[in-house]
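First the structure, in the form of structure tokens, and then the observations on it.
The values are calculated or read from the model by the stated rules, or taken from the named source; none is laboratory data. Remember, predicted model here, so these are calculated numbers, not experimental data. FYI the Cβ positions are ideal-geometry reconstructions off the backbone, even for glycines, and counts take in every protein chain you see.
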């Protein structure tokens, strides 16, 4: 029987499917008296968290496709979803432009209302770093307030394979040495030198490198935005603000993929 979608309109609506009443009720400014730009600040950061959720969804699937399962190692699927992640990451970089339409004076009108909240407390952002390969157990202890569910999520990301660990496992599954960094680098050189046999591994490595590069571009763009807004003032959560963010800019998820360039 052919479905008549028009006749089903009363069963589910655009708003109920997307839960728009609940979603649009989540932007709750704190400043009193109200400040015009606080809604912008909240909206942008909530949008970030929604995209972080999507990135975790995509990158977890990338990792699982590389680990393999009943259908084997699906490098094609990993590449497809990584490229989707790249598009999202470029969007996140561009989204900073929206925040920069807010002047420092505008921000200072409500900044005090944020304390002690801080972007440093984004559990999903830290999950993305752990999943990508930058596992740092010390960060879990530095979160001042974590729910049991949030702590479990972070500890699970620390315990489970990262994207890089999955890729190294893929090299080993192809019979390429991957016992330590020296072996992995030698295998990467072999992959790069024999595109006819290992092109899918080469392309996947390049897609991982793009993920790494875009994450670095976001960190650099983010610290510029922070300096433009508050200079070198301390963060609302107690961090050193821009100086701390500057220290994170050089972080690389996959240093061996960058080092590989020296051997080509």
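Filter segment 91-133 down to residues that are closer than 16 Å to residue 213 by Cβ and either under 11 Å from the mean Cα position of the chain (by Cα) or crowded, with 16+ Cβ neighbours inside 10 Å (or both), then give me how many there are. It would help to see each step written out before you state the result.
First, pick out the residues of segment 91-133 that are closer than 16 Å to residue 213 by Cβ: 91-94, 128-129, 132-133.
Next, from what is left, pick out any that are either under 11 Å from the mean Cα position of the chain (by Cα) or crowded, with 16+ Cβ neighbours inside 10 Å (or both): 92-93, 128-129, 132-133.
Within segment 91-133, residues that are closer than 16 Å to residue 213 by Cβ and either under 11 Å from the mean Cα position of the chain (by Cα) or crowded, with 16+ Cβ neighbours inside 10 Å (or both) number 6.
To keep it simple, each residue is scored yes or no on (1) buried (at least 20 other Cβ atoms within 10 Å of the Cβ); (2) outside any helix (DSSP H, G or I).
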{"site": "139", "(1), (2)": "no, no"}
{"site": "165", "(1), (2)": "no, no"}
{"site": "169", "(1), (2)": "no, no"}
{"site": "172", "(1), (2)": "no, no"}
{"site": "177", "(1), (2)": "no, yes"}
{"site": "183", "(1), (2)": "no, no"}
{"site": "196", "(1), (2)": "no, no"}
{"site": "201", "(1), (2)": "yes, no"}
{"site": "206", "(1), (2)": "no, no"}
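Can you tell me which of (1) touching a helix residue (DSSP H, G or I) at 6+ places or on another chain (Cβ under 9 Å); (2) surrounded by fewer than 10 Cβ atoms within 10 Å (Cβ to Cβ) is the one residue 11 doesn't meet?
(1)
Out of all the residues in segment 219-259, which are modelled with pLDDT of 90 or more, assigned to a helix (DSSP H, G or I) and either touching a strand residue (DSSP E or B) at 6+ places or on another chain (Cβ under 7 Å) or surrounded by 19 or more Cβ atoms within 10 Å (Cβ to Cβ) (or both)? Even if it seems obvious, please write down each step before you answer.
First, pick out the residues of segment 219-259 that are modelled with pLDDT of 90 or more: 219-221, 252-259.
Now restrict to residues that are assigned to a helix (DSSP H, G or I): 219-221, 255-259.
If the condition is that a residue be modelled with pLDDT of 90 or more, assigned to a helix (DSSP H, G or I) and either touching a strand residue (DSSP E or B) at 6+ places or on another chain (Cβ under 7 Å) or surrounded by 19 or more Cβ atoms within 10 Å (Cβ to Cβ) (or both), then 257 is the only one that fits.
May I ask you to verify whether residue 144 is more than 21 Å from residue 248 (Cβ to Cβ), surrounded by fewer than 16 Cβ atoms within 10 Å (Cβ to Cβ) and in contact with a helix residue (DSSP H, G or I) (Cβ under 8 Å, 6 or more places away or on another chain)?
Numbers: more than 21 Å from residue 248 (Cβ to Cβ): no; surrounded by fewer than 16 Cβ atoms within 10 Å (Cβ to Cβ): yes; in contact with a helix residue (DSSP H, G or I) (Cβ under 8 Å, 6 or more places away or on another chain): yes.
When the stated conditions are applied, residue 144 does not pass them.
With the checklist (1) modelled with pLDDT of 95 or more; (2) farther than 22 Å from residue 259 by Cβ; (3) within 18 Å of the chain's Cα centre (by Cα) in hand, flag the one item residue 166 doesn't pass.
Single failed check for residue 166: (2).
Would you mind telling me which numbered condition in (1) over 24 Å from residue 149 (Cβ atoms); (2) at pLDDT below 95; (3) touching a helix residue (DSSP H, G or I) at 6+ places or on another chain (Cβ under 7 Å); (4) assigned to a helix (DSSP H, G or I) residue 125 fails?
Just one mismatch for residue 125, condition (1).
Is it the case that residue 153 is within 21 Å of the chain's Cα centre (by Cα) and either in a loop (DSSP other than H, G, I, E, B) or surrounded by 15 or more Cβ atoms within 10 Å (Cβ to Cβ) (or both)? I'd like the intermediate steps shown before the answer.
Working: within 21 Å of the chain's Cα centre (by Cα): yes; either in a loop (DSSP other than H, G, I, E, B) or surrounded by 15 or more Cβ atoms within 10 Å (Cβ to Cβ) (or both): yes.
Here the answer is yes, as residue 153 does meet what is asked.
Considering each residue of segment 1-27, count those that are under 27 Å from the mean Cα position of the chain (by Cα) and modelled with pLDDT under 95, and give that number.
Here the count works out to 1.
If we keep just the residues of segment 60-83 that are touching a residue at least 60 places away in the same chain (Cβ under 8 Å) and more than 12 Å from residue 161 (Cβ to Cβ), which is surrounded by the fewest Cβ atoms within 10 Å (Cβ to Cβ)?
Taking the candidates together, the pick is 76.
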